Amino acid sequence: MVNCQWIFKTVEIDCGGVILFVFSHQARALIALYILINYKCKIVTFILRRFLRSHYHIECSCKTIGSYFMLPHPHNIIIAAESIGDNVQINQNVTLGGNMRKTKQRSWGVQKLPILKNHVVIYSNAVVGGPVIVNEHVIIGANCTCTHDVEANTMLFNQTKVSTRKIEVLKGTYRTKE
């Protein structure tokens with residue numbers, strides 16, 4: 001067993017596990033994101049932004065990301081957040097962002113982008129949009145859209161309902177039956 005200090009956590013694994021982790025898609029995306037956020041050289045950040053965009057379709061403009069940040073499937077992710085806390089997991093096809101015209105006045109100032117606190121899980125195809133705060137221990141389910149502040153210890157999910165109205169299809173268009 002070898003004690004390897006990684007960018008996000010200290011783990012004890014054998015050397016074979018270290019090699020597999022370094023060459024996995026998840027590790028390359030996480031290392032590139034960490035360097036992009038913490039390294040201030042414009043040339044390096046330009047290269048890493050192009051790398052993340054071309055290989056993983058990841059856009060990132062976040063000021064801080066906490067420890068134990070996880071991207072299990074690092075593909076098609078847009079991260080435009082003010083801060084991301086510890087133990088946050090973001091799955092594929094997730095959008096975190098805000099409309100820069102919408103703002104909220106908070107006690108510390110004006111908020112334009114989402115803030116994710118600790119222990120948040122966001123499943124695939126979810127959207128967290130606007131100046132919202134997602135508090136601790138929150139699960140945002142698949143295909144869910146979050147545009148309001150979320151209290152701690154909650155789970156958001158979409159309620160899929162079957163419409164009781166019947167529709168009539170006419171040459172590629174539809175209208176409701178009466």
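Which condition does ASN125 not pass, out of (1) modelled with pLDDT of 90 or more; (2) closer than 30 Å to LYS40 by Cβ; (3) outside any strand (DSSP E or B); (4) within 13 Å of the chain's Cα centre (by Cα), if it passes all the others?
Here ASN125 clears every test but (2).
In this structure, is VAL169 assigned to a strand (DSSP E or B), of a type in the set (Val, Ile, Thr) and modelled with pLDDT under 90?
yes
Kindly evaluate LEU156 against the criterion of being modelled with pLDDT under 90 and in contact with a strand residue (DSSP E or B) (Cβ under 9 Å, 6 or more places away or on another chain).
Against the criterion (modelled with pLDDT under 90 and in contact with a strand residue (DSSP E or B) (Cβ under 9 Å, 6 or more places away or on another chain)), LEU156 qualifies.
Select from region 38-72 the residues that are assigned to a helix (DSSP H, G or I) and among the hydroxyl-bearing types (Ser, Thr, Tyr) and write down the one among them that is surrounded by the most Cβ atoms within 10 Å (Cβ to Cβ).
TYR56
Which ones in region 80-115 are hydroxyl-bearing (Ser, Thr, Tyr) and under 20 Å from TYR68 (Cα atoms)?
Matches in region 80-115: SER83, THR95.
Out of all the residues in region 102-122, which are charged (D, E, K, R) and either in a strand (DSSP E or B) or touching a Lys or Arg at 6+ places or on another chain (Cβ under 9 Å) (or both)?
LYS102, LYS104, LYS112 - these are the residues of region 102-122 that are charged (D, E, K, R) and either in a strand (DSSP E or B) or touching a Lys or Arg at 6+ places or on another chain (Cβ under 9 Å) (or both).
Among the numbered conditions (1) modelled with pLDDT under 85; (2) in a loop (DSSP other than H, G, I, E, B); (3) in contact with a Lys or Arg (Cβ under 7 Å, 6 or more places away or on another chain), tell me where GLU136 comes up short.
(1)
The values are calculated or read from the model by the stated rules, or taken from the named source; none is laboratory data. Keep in mind that this is a model prediction, so the values were computed, not measured. With ideal geometry, Cβ positions are generated from the backbone for all residues, glycine too; neighbour counts draw on all protein chains shown.
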